[in-house]
Amino acid sequence: MITFESVTKRYPGGTVAVDSLDLEIPGGQTMVLVGPSGCGKTTTLRMINRLIEPSSGRILLDGQDMHESNPVTLRRGIGYVIQQAGLFPHRTIEDNIGTVPSLIGWGKAKARARARELMALVGLDESLARRYPYQLSGGQQQRVGVARALAADPPVLLMDEPFSAVDPIVRASLQDELLRLQAELHKTVVLVTHDVEEAIKVGDQVAIFRPGGKIAQLDTPERLLAAPADSYVENFLGFDRGIRRLSFLAASGLSLDDRSVVGEDTSASMAAETARRAGDEWVLVTDGGHQPRGWAAVSGLEALPSGSRAGQARLEPYGHTFDVRTDSLRAALDATVLSPTGQAVGVDDDGQVVGVTSYERLRDAIHTAEGAEPAAAPETAS
Amino acid sequence: MDWSAVPGLTWESAYLGIVPALIGLVVSLPLGIACTRWRWLYGPVLSATSVLYALPSLALFIVLIPYTGLTDTTVIIPLTLFSLCVLVPAVVDGMRSVPDPVRQAATAMGFGTLRRLVQVELPIAVPIVIAGLRVAMVSSISLASVGQLIGVSSLGYLIIDGYQRDFATEIYVGGGLIIALALVCDLLLVLLRRSLTPWRPRRARGRPENVPIGVPAQPLPGGAA
Amino acid sequence: MSFFSYAWNWIKQPQQWHGSGGIPVRILEQLYYTGLSLIIAALIAIPLGILIGHTGRGAVLVVNIANAWRAIPTLALLVLLTIWLGFSVLAWLIPLVVLGIPPILVNVYEGVAGVDPELKDAARGMGMTPWQQVRKVEVPVAMPLIVLGLRTGAIFVVATATIAAYIGLGGLGRYIIDGLAVDNYGEVAGGALFVVLLALAVQALFVGVRRAAVPRGLREQVRSS
């Protein structure tokens, strides 16, 4: 648990980077500090491991005033990940990772063994252990940086724009990696980013900073999206915050229609008749394993020679599916928008069709959810 | 021609060339590190070394004679001073070549200042420092032969003797051995650098590798190469 | 006695200031040898360096020259040319020019090649012909290094000219060589003192040249790196 008590950082020349900040960072969670350039978020982060000293105020680590500890020993107990990784170019990967363990007195063999453990943890192949940083890609180097920060098993992990320097695909996978690590390790993570999407994706708590070093709002991602405190926060969150908030609402709340789902061996004329009675224009055809195959137009089914099976009709692609148990309403909405028929296919863990949605059903689900408490974030917020 | 004298003379040339470069290195390391720590220091230090570098070696040998006689020391001191002009910028540029994120990461991980210097900054500075050392050593070996004019023995003796006796072969041998000696030392330093820096990518480089090529009156723009 | 007392005792003798062997004459001779050699070296090295720097071809040549030329012993070069050509103008001019070219060439090359690629791109994009790019953008931006190259070249030419007295050249080195031959340390010291003063004056001259030739915007930029 890290506590900031009226912390101010003033630079000679008058710039106030952080203005009388009170902040409580709960242990075992990811706290994201986000804001525009120059808002003081990085300064705040770097005051935690005393790379920057506050001008006034106190910072407490588990109740103890940081100022009273020796900075060098303090830092050995705090992991630090930066944008350009800062890997030692003159040391192998495993020696890079084992830096802090070596510093605190583990033997070389023990440090290297620990390094290998961490490489597995962050998803790096063991064959890279004796390579040098210049031989690794940007994404790999960032993983090494994270592994290095975790090597001595520090309770606190500080991350300063750790994923900003890599391309979006690598960034997304690194963010997922972080979420996975946190689920396993439950470290106290403080992460600084300028990307509000990233903040919402990885943060348990998000602090939005105003220029001048003050916090505009501190909340969970879904409450931020649901109820921004003022227009600054609202602007900062971006224009499609309503849709993004849907990421936090579970698709399991959706009611699904299974009337228009037919097996491929069903008679085409029967399928068409069922659909007509229900008022549907499309029928979802599934295979023997109840996996989706495609959409059949009712008129197409009717045009088939008598005795045909539904599976013989011309099928439109079913597009993206969504998992009814784990996906969010946003995923369901996205799948619906992408579907050629305006209906999305909901599947279970085995890929078997559970039912289909429509825009009306989505609308109902959203209205219901907005009236109720936001549900717990699903496993993949997308 | 008296071939039996050649090994001794070669040894002398080597001694008179290598010692100044090494002493220069020993002096430049703390001096250069101080110049990176206290930036205002670098300008004056650089000016001082460039002024010294501008003075012809023969003149400096002469200046020292009343104090150190006609000994090796008379040659070694000026050559050492010359080497500073190349080695101090090499140390400074080497230290500056350490990427900022690396320095920051080291501090953040809990490296004290001295440990960071020895375990992180200096090892990374090695390639540039050795590049400077190569220049210093090659220059020293070559310049040492001028000391023959004041009677300090080296392979320069073969040059002088050959001239006086109108015996070109001796001059070729003397000059050739000096060049060969310089190139051998250069090569050894390259091998040393290779062995100390397995962590560097091996690329063919088209530009002179971080050779401090002139007399910097101010810090070289952006460091050499 | 100290170096200065020896030198002063000799300098204050009025006869040193008169006649064809007098101090003023020798100074002018030294300036003449230095100036002539430097101009010729510059006429060769500057265009060559600009060409290689602009086109990038032949850069390998420059790299090798940069590394190898310091190994060449001055005395050997002077002495060999005298043996081949007898004592003549070429016997001293060629070594002085040969030793003056590399520092100019390397610095000019580095200066032109090192111009920010974005600047070069902008120049090309604006529709400048290669010649215009060189004249309006690359050379001005490279000017600090070009001047540095000339200044370094001057150092080596002055030093070599001093040593060239050994093969019979006039100039201030004459006092050193003649004095050594007859064990007159006063003459030797006096000559050395003037050599030092001349070298310093040449350097001071180049500080002035730099101020005149380097555009103000660049001067500050170099200083602050």
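General remarks:
- Nearest 10 degrees, 0 to 90: helix A:108-121 Cα axis against chain A principal axis: 30
- Think of each Lys and Arg Cβ as +1 and each Asp and Glu Cβ as -1; about the Cα centre, that makes the dipole of segment A:251-371 roughly 260 debye.
- Under 25 Å of direct C-alpha separation, and excluding same-chain neighbours fewer than eight residues apart, A:K201 reaches these lysines: A:K41, A:K187, A:K214.
- Applying the criteria of a DSSP loop state and at most 11 other Cβ atoms within 10 Å to the trypsin sites (Lys or Arg not before Pro) of segment A:1-101 yields no site.
- In the elastic network of chain C, a GNM with C-alpha springs shorter than 10 Å, the most mobile of C:Q30, C:Q132, C:Q203 is C:Q132.
- Percent of C-alpha pairs per 20 Å bin in chain A, short distances first: 25, 43, 25, 7, 0.
- Dipole size of the protein assembly as shown about its Cα centre, with +1 on Lys/Arg Cβ and -1 on Asp/Glu Cβ: approximately 3040 debye, rounded to the nearest 20.
- Debye log10 I(q)/I(0) at q = 0.14, 0.17, 0.18 Å⁻¹ for segment B:3-196, Cα point scatterers: -0.82, -1.07, -1.15
- Compared with the dominant Cα axis of chain C, that is its longest principal axis, helix C:74-85 is turned about 80°.
- Helical mean residue ellipticity (222 nm; -39500 (n - 2.57) per DSSP H run of 4+; nearest 500) of chain A: -10000 deg cm²/dmol
- Farthest toward positive dipole pole in chain A [+1 Lys/Arg, -1 Asp/Glu at C-beta], among A:L256, A:L157, A:P168: A:L157
- For segment A:178-225, fraction of C-alpha pairs farther apart than 14 Å, in %: 53
- In plain terms, the residue of A:V34, A:V166 with the fewest other Cβ atoms within 10 Å comes first and the most crowded comes last, giving A:V166, A:V34.
- Every Cα-Cα pair of segment C:62-158 was included, and the share exceeding 18 Å stands at 56 percent.
- Among B:D166, B:D93, B:D186: highest mean-square fluctuation, GNM of chain B, C-alpha pairs under 10 Å: B:D166
- Along the axis of the charge dipole computed for segment A:251-371 (Cβ charges of +1 for Lys and Arg, -1 for Asp and Glu, origin at the Cα centre), the listed residues A:V354, A:A332, A:S299 are led at the positive end by A:S299.
- The chymotrypsin sites (Phe, Trp or Tyr not before Pro) of segment B:15-97 that DSSP puts in a loop, and whose beta carbon has at most 16 other beta carbons within 10 Å, are B:W38.
- Convex hull of segment B:1-44 built on C-alpha atoms - directionally averaged projected area, nm²: 4.1
- Only Lys, Arg, Asp and Glu carry charge here, each on its Cβ (+1 for the first two, -1 for the last two); on that basis chain A has a dipole of about 1640 debye about its Cα centre.
- Restricting the GluC sites (Glu not before Pro) of segment A:239-282 to loop positions (DSSP other than H, G, I, E, B) with no more than 15 neighbouring Cβ atoms within 10 Å leaves A:E281.
- Gaussian network model of chain A, Cα within-10 Å springs - most flexible of A:L103, A:L237, A:L33: A:L103
- FRET E, pair C:V209, C:N184, Förster distance 51 Å, beta-carbon r, rounded to 0.05: 0.90
- Residue order, fewest to most beta carbons within 10 Å, for B:L31, C:L75: B:L31, C:L75
- Scanning chain B for long hydrophobic helices, with DSSP H runs required to stretch 24 angstrom or more by C-alpha along their axis and to average at least 1.0 on the Kyte-Doolittle scale, returns B:6-37, B:72-96, B:122-144, B:168-196.
- Between A:S55, A:L33, A:S20, the Cα set farthest toward the positive side of the dipole of segment A:2-245 (charges on each charged residue's Cβ, about the Cα centre) is that of A:S55.
- Gyration tensor over alpha-carbon atoms, segment A:251-371, equivalent ellipsoid semi-axes in Å: 26, 14, 11
- Cα gyration tensor of chain C - equivalent ellipsoid semi-axes, whole Å, descending: 39, 20, 13
- Nearest-ten-degree value, helix C:139-163 long axis tilted from longest Cα axis of chain C: 20
- Cross-link reach list, lysines versus C:K120, counting only Cα pairs under 18 Å and skipping chain neighbours closer than eight places: C:K136
- Expected 222 nm ellipticity per residue - DSSP helices of 4 or more, -39500 (n - 2.57), all of chain C, to 500: -25000 deg cm²/dmol
- Per residue, the average separation of C-alpha pairs within less than 8 Å and at least 6 apart gives chain C a relative contact order of 27 percent.
- Cα principal axis extents for the protein assembly as shown, largest first, Å: 128, 69, 52
- Computed over segment A:80-205, the P(r) curve from all C-alpha pair distances, binned at 10 Å from the origin, holds 13, 48, 32, 7, 0 percent per bin.
We did not get these values from a lab; they are worked out from the coordinates using the rules stated. Computed from a predicted structure; not experimentally measured. All Cβ positions, glycine included, derive from the backbone under ideal geometry; neighbour counts span all protein chains shown.
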